[in-house]
Amino acid sequence: FLWKLGYPLHDEEDPRAEFWRLHQRLTGLAKASHTPGSRETEEFLGTASKFFRELERYLAESLAFTAWALLHDHATDPNPFEYGLEADHARGMSFVQAAADEADDPIKSFDFLSDKLDLYTLIRGFEFLAKALVILDAKRDDHRRDDSEIPAYARGSELKRFPFMYTAPYLNLTDRSRTRLAEQLREIARSLQRGKVTDIRNEHQHYRKTASGVEQIESALREIEVSLRALESSGLSLVEFRLEDAIHDRWGRSEFYFAAPRGAGHVVTRPSGYDWLGLPELDAPQYVAPGAVFAEPNEVLRFRRRIDSPYTELWSDFPKRRRS
């Protein structure tokens with residue numbers, strides 16, 4: 001009811017707050033010097049169970065969003081640069097599934113379309129996606145956009161530009177951005193595997209307070225923190241950025257400062273030749289991906305959150321404009 005009246009439906013500014021709270025608490029419990037069988041051990045087990053559930057949700061949502069953001073053709077979508085938390089999550093996982101099928105792992109088959117994804121599958125998903133991006137880059141000519149899909153405003157003038165000359169957004173990014181993103185996704189998978197996060201996840205119920213056990217848990221938590229901090233700094237963790245400040249001068253130049261929880265930020269300048277692309281309005285909360293740069297120095301992929309419901313489907317094609 002409030003949404004129909006125009007009030008914001010989601011007031012949650014940091015959907016990862018619970019995960020980082022549990023991470024901090026679990027780190028403290030692992031370092032606490034108490035003997036086995038104490039109340040702190042029971043608290044550790046309860047906190048660890050909640051933490052790994054949040055970790056799996058974090059990785060699943062981030063993996064789907066990353067695949068969707070880098071591989072889905074946003075320019076021709078009926079809802080350009082809008083992320084539906086259900087429909088586009090499924091679309092993103094279908095991209096990951098295609099990447100896993102192409103990798104053809106000899107050890108195990110993977111089903112990323114399942115409702116229940118284990119931690120090992122999610123970690124390998126980042127590896128498969130990184131490989132798919134490298135292969136896609138090598139076949140970029142196969143994904144060049146047809147000239148008929150290029151907007152008319154970008155054909156006869158240099159004032160407004162259309163940078164998405166390939167149907168896969170990843171291919172429209174700068175060379176440096178493509179290289180860094182592929183390596184970052186690969187390193188996330190390596191880091192979580194190096195920290196033996198899957199083993200800790202499967203064995204934490206048998207936790208005993210020993211020096212080697214504490215060291216393994218602390219190592220896993222460090223690798224998790226490094227990996228997910230990197231994911232958040234690139235804007236691929238499904239955390240909204242909000243406008244913190246806007247500066248305007250007498251010549252009409254503006255700088256919009258966006259900030260996200262835990263220090264991530266980005267600056268967008270205007271006027272720009274890229275402000276007719278259909279990206280979100282600059283005064284609205286949005287998913288900003290500072291790691292996905294399509295034009296130097298600060299034009300990056302940005303998305304607004306879309307809420308899908310029967311009500312939005314009913315009014316999706318309204319109003320209908322007259323054809324000339």
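Looking at (1) surrounded by fewer than 16 Cβ atoms within 10 Å (Cβ to Cβ); (2) farther than 21 Å from D283 by Cα, can you tell me which one E225 breaks? For E225, the failing item is (1).
Which of the residues belonging to segment 239-261 are closer than 30 Å to Y58 by Cβ, open to solvent by 50 Å² or more (accessible area, probe 1.4 Å) and of a type in the set (D, E)?
E244, D245
If only residues of segment 262-284 that are out of contact with any helix residue (DSSP H, G or I) (no Cβ under 7 Å at 6 or more places or on another chain), within 30 Å of Q24 (Cα to Cα) and surrounded by fewer than 17 Cβ atoms within 10 Å (Cβ to Cβ) are counted, the one that is modelled with the lowest pLDDT is G263. Quick check on L136: is it more than 18 Å from I188 (Cα to Cα), part of a helix (DSSP H, G or I) and at pLDDT 95 or above? The answer is yes for L136. Selection of segment 201-222 for residues being of a type in the set (V, I, T), open to solvent by less than 40 Å² (accessible area, probe 1.4 Å) and at pLDDT below 80 yields only V214.
So for segment 291-312 (the condition being farther than 27 Å from P15 by Cα and among the basic types (K, R)), does at least one residue qualify? No, segment 291-312 contains no residue that is farther than 27 Å from P15 by Cα and among the basic types (K, R). Residue count for segment 112-143 under the criterion of being open to solvent by 10 Å² or more (accessible area, probe 1.4 Å) and in contact (Cβ under 8 Å) with a residue 24 or more places away in the chain: the result is 13.
Considering the conditions (1) modelled with pLDDT under 90; (2) within 22 Å of M165 (Cβ to Cβ); (3) among the hydroxyl-bearing types (S, T, Y), S316 is excluded by exactly one of them, (2). Does F110 satisfy the criteria of being at pLDDT 95 or above, out of contact with any strand residue (DSSP E or B) (no Cβ under 8 Å at 6 or more places or on another chain) and of a type in the set (F, W, Y)? Answer is no for this residue. Pairs meeting the criteria (first residue in segment 45-59 and under 14 Å from R21 (Cα atoms), second residue small (G, A, S) and modelled with pLDDT of 90 or more, beta carbons under 8 Å, at least 6 apart or on different chains) are Y58/S237. Based on what the data block shows, is L238 within 13 Å of the chain's Cα centre (by Cα) and in a loop (DSSP other than H, G, I, E, B)? It is true that L238 is within 13 Å of the chain's Cα centre (by Cα) and in a loop (DSSP other than H, G, I, E, B).
The values are calculated or read from the model by the stated rules, or taken from the named source; none is laboratory data. Computed from a predicted model, the values in this text were never measured in an experiment. Glycine also receives a Cβ, built like all others from the backbone with ideal geometry; neighbour counts cover every protein chain displayed. What goes into the accessible areas is simple: the full protein's heavy atoms, side chains included, and nothing from ligands, DNA or RNA. Shrake-Rupley method; radii C 1.70, N 1.55, O 1.52, S 1.80 Å.
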